[in-house]
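S.K.: My questions will all concern the structure given below.
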Amino acid sequence: MHKTPSPYLNILQECNVNWAPYSEKSLREAAMQNRMIFIHIGSINNIDEREKTLKLFSDKCVSALLNRYFIPIAIDIEDFPEIGQIGFDLLSITEHFITLPINIFMLPDTVPVSCFPNTTAENFIKLAGNAVESYMKRKNTLERAGAHLKHLLEKTGRIPEKMPPFKIRDKLLHAYVRNWIKRAAEIEKKHGNAVGSIHSRYYIFLLKYAYTYDKTDILEHLKERLDRLYYSAMFDPVEGGFFTQYSENDYNRPLFEKQFSENIQAATLYAMAYNCYGEKRYKEAADRTMEHIEKRYASASGGYHASVSLNVSPEKSTYYKLSVADLKRKFANEYRKIAGLLGLDTAMPEEYPQIVKNSAAASEITPQTRAKLLEIRKEREAELLMDERVIVAGNAIYACILPIFAKKCGHRMAKYVKKAEEIVEYVTTQLGDNSLKLHRYLYSSYSYGDSTLLDYALIVTASILLYTVTGKEKYETLATRYTSYVLQNYLCQENGMFLKHNKNEKQIMPYSREPVIDYIRYSANSLMAGNLLLLYRIKGEEYYLKLFMQQMYNVSPQLPGAGPYLAGWALQILNYLIYENGEQKSRQA
């Protein structure tokens, strides 16, 4: 495989598949050799799925089949989020759910014919064998099936046209939330044994909505969920911070990945919860998560690393686990007390590694005790895998929330604002150039890839928020310049939405996407909509409001039945209604 900074792709090199990079050359070779294309899209941030993927592609029959009949291409979703967007859409069409990794069979002209998640070697061989046989013997039938799937994909990926104006009222959000809560309960019941994520960004909207409209039932439901999440194995009482995913709908079975951007959003959620409920434990959760971010992800050369995962299976790893014997060795006669604080069962065999839980009494853990617990982990640090890429989107999210976090938790603002300023400076200088173009991430002193709309949208947000808290004109100028850049290079005049890729540059993506749905983060279009509303409030230019409103008209008809996948848009509608109601009250006064 080609040299890559992606830790995920480097792990895949252990397999016997002749992986090709996602490039124009690879796609051209498939057409010239009349071979089908196989695309695998994955991420470093799910150890369970990573283990299954390695097992699948290490199978000699699987690798032989791929090498003989396909141009096999492996993609890290952080390298090509546009392709990840296409993969998510395809999986939603074919399997009616969204997950990583994603596997796609395509014709040589990049028309997809099949899409599926991780599977066994036996099933994979059947699927690949059927695809190859169909391509050789029933090519016309396969092409017709591919054309139909392509048509569905193109419809899924774009807003077809500008929707007519209408009055946006509170009842739109009320209908959205009612349907969401009902649908969420059904999904949770149906997929009780599936891998779950904490999805802080969804609850950020729901909490703000419930607080704004004084929905006491929702506030109580959220409080119960926040407590259950915090007092579980999902929060790490030793190092702080939240794990991203859990298995079998059980918060005490984490999958032991901690992502920078997910922990930022979790810190924001608990800071908002503290501001809403006034409960000290929520402030502790937010503060400990921020401490974890600074200690674990900060890069010595600037910016913050992407994630920390395990490089061995969760069953074999003991990094995030402790045994009674570990505690006896470090704490002598106090081991039973420490075990109780960490939710360990002293009746278990002494050498048996147990998952640590954040009990209600864990706040009693002293700094000295925590230091000894960290010594145990230090001995096992070889089990960790750090994704050392400094990714623009994650760093920009951090710059966005730092001033908000300080305000919500009552901290000194100057410290957090200064850190946000440093991040924006780092991203726009180290990762950018004089033409305003940004790179996707920095790795070992060199920049990689061109940024997407998400990166620019978040830098604009961070610049606007810094302007509002510092009053420094340079941040208003930066926000305006990057907004102009986005309007020139990403805005689609036909429907008023923003494309995920730069429309003025040559692309190798087979389809144009508009990032409307919240898959991993709030969608880039919803973030840009929020930026337009903020700029209108700051500068008073009607053009920004006109663009914002058109996006609201376009997305609002899809909102009521969308569930959490449009939470970013619901948040912007809520912000708009709060602003409108405030303006009306001001005018009446």
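S.K.: Do we find a residue being touching an Asp or Glu at 6+ places or on another chain (Cβ under 7 Å) and not in a loop (DSSP other than H, G, I, E, B) anywhere in the range 131-152?
M.R.: Scanning the range 131-152, I find no residue that is touching an Asp or Glu at 6+ places or on another chain (Cβ under 7 Å) and not in a loop (DSSP other than H, G, I, E, B), so the answer is no.
S.K.: Going by the structure shown, is Tyr490 closer than 26 Å to Lys407 by Cβ and aromatic (Phe, Trp, Tyr)?
M.R.: Answer is no for this residue.
S.K.: While we're on this one: Those residues that are open to solvent by 50 Å² or more (accessible area, probe 1.4 Å) and in a helix (DSSP H, G or I), I need them from the range 468-484; list them, please.
M.R.: Thr468, Val469, Glu473, Lys474, Thr477, Arg481, Ser484 - these are the residues of the range 468-484 that are open to solvent by 50 Å² or more (accessible area, probe 1.4 Å) and in a helix (DSSP H, G or I).
S.K.: Only residues that are in contact (Cβ under 8 Å) with a residue 12 or more places away in the chain, open to solvent by 60 Å² or more (accessible area, probe 1.4 Å) and of a type outside the set (D, E, K, R): list them for the range 126-164, please.
M.R.: Thr156, Pro160, Met163, Pro164
S.K.: Within the range 42-73, which residues are under 21 Å from Tyr246 (Cα atoms) and buried (at least 19 other Cβ atoms within 10 Å of the Cβ)?
M.R.: Gly42, Ser43, Ile44, Asn45, Asn46, Ile47, Glu49, Arg50, Thr53
S.K.: Then there is this: Collect the residues in the range 245-257 that are at pLDDT 90 or above and in contact with a helix residue (DSSP H, G or I) (Cβ under 7 Å, 6 or more places away or on another chain), keeping them in residue-number order. Walk me through it before giving the result.
M.R.: Our first condition is that a residue be at pLDDT 90 or above; within the range 245-257, this holds for 254, 256-257.
Passing the criteria: Phe256, Glu257.
S.K.: Do we have any residue at all in the range 165-182 that's open to solvent by less than 50 Å² (accessible area, probe 1.4 Å), under 28 Å from Gln259 (Cα atoms), part of a helix (DSSP H, G or I) and touching a residue at least 40 places away in the same chain (Cβ under 8 Å)?
M.R.: Checked the range 165-182: at least one residue is open to solvent by less than 50 Å² (accessible area, probe 1.4 Å), under 28 Å from Gln259 (Cα atoms), part of a helix (DSSP H, G or I) and touching a residue at least 40 places away in the same chain (Cβ under 8 Å).
S.K.: Next up: Return the only residue of Ala414, Ala420 being surrounded by fewer than 18 Cβ atoms within 10 Å (Cβ to Cβ) and either in a loop (DSSP other than H, G, I, E, B) or aliphatic (A, V, I, L, M) (or both). Break it down into steps so the answer makes sense when it comes.
M.R.: Numbers: Ala420 fails: surrounded by fewer than 18 Cβ atoms within 10 Å (Cβ to Cβ).
Result of the check over Ala414, Ala420: Ala414.
S.K.: In addition: Wholly within the range 279-351, which helices (runs of 4 or more DSSP H) include no fewer than the required count, namely at least 3 residues that are free of Cβ contacts under 8 Å to residues at least 40 places away in the same chain and among the aromatic types (Phe, Trp, Tyr)?
M.R.: No helices (runs of 4 or more DSSP H) qualify here.
S.K.: Within the range 469-520, how many residues turn out to be among the basic types (Lys, Arg) and under 28 Å from Arg28 (Cβ atoms)?
M.R.: Number of matching residues: 4.
Let's see how each residue does on (1) closer than 23 Å to Tyr304 by Cα; (2) surrounded by fewer than 22 Cβ atoms within 10 Å (Cβ to Cβ):
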{"position": "Glu239", "(1), (2)": "yes, yes"}
{"position": "Asp250", "(1), (2)": "no, yes"}
{"position": "Lys258", "(1), (2)": "yes, no"}
{"position": "Gln265", "(1), (2)": "yes, no"}
{"position": "Thr268", "(1), (2)": "yes, no"}
{"position": "Asn275", "(1), (2)": "no, yes"}
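S.K.: From the list Ile517, Ile508, Ile538, Ile573, which residue is open to solvent by 40 Å² or more (accessible area, probe 1.4 Å), assigned to a helix (DSSP H, G or I) and more than 15 Å from Leu458 (Cα to Cα)? Spell out how you get there, then give the answer.
M.R.: On the way: Ile517 fails: assigned to a helix (DSSP H, G or I); Ile508 fails: assigned to a helix (DSSP H, G or I); Ile573 fails: open to solvent by 40 Å² or more (accessible area, probe 1.4 Å).
When all the criteria are applied, what remains is Ile538.
S.K.: Is there a residue being open to solvent by less than 10 Å² (accessible area, probe 1.4 Å) and within 24 Å of Phe243 (Cα to Cα) anywhere in the range 106-124?
M.R.: No: zero hits.
S.K.: Another question about this same structure. Inside the range 371-427, can you point out the residues that are hydroxyl-bearing (Ser, Thr, Tyr) and without any contact (Cβ under 8 Å) to a residue 60 or more places away in the chain?
M.R.: Tyr416, the sole residue that qualifies.
S.K.: Output the number of the condition that Thr99 fails; it satisfies all remaining conditions of (1) modelled with pLDDT of 90 or more; (2) in contact with a Pro (Cβ under 7 Å, 6 or more places away or on another chain).
M.R.: It fails just one condition, (1).
S.K.: For residues that are open to solvent by 50 Å² or more (accessible area, probe 1.4 Å) and not polar (S, T, N, Q), tally how many sit in the range 354-369.
M.R.: Qualifying residue count for the region: 4.
S.K.: So, one more: Being within 29 Å of Tyr8 (Cβ to Cβ) and touching a Pro at 6+ places or on another chain (Cβ under 7 Å) is the filter here; which residues of the range 359-389 pass it?
M.R.: Leu385, Asp387, Arg389
S.K.: Here are some conditions: (1) in contact (Cβ under 8 Å) with a residue 60 or more places away in the chain; (2) touching a Gly at 6+ places or on another chain (Cβ under 9 Å). Asn263 meets all but one. Which one does it not meet?
M.R.: Failing condition for Asn263: (1).
The values are calculated or read from the model by the stated rules, or taken from the named source; none is laboratory data. Note that the structure is predicted; figures quoted are calculated from it, not measured. FYI the Cβ positions are ideal-geometry reconstructions off the backbone, even for glycines, and counts take in every protein chain you see. When the accessible area is computed, the model is the full protein with side chains, heavy atoms only, and any ligands, DNA or RNA have been set aside. Shrake-Rupley method; radii C 1.70, N 1.55, O 1.52, S 1.80 Å.
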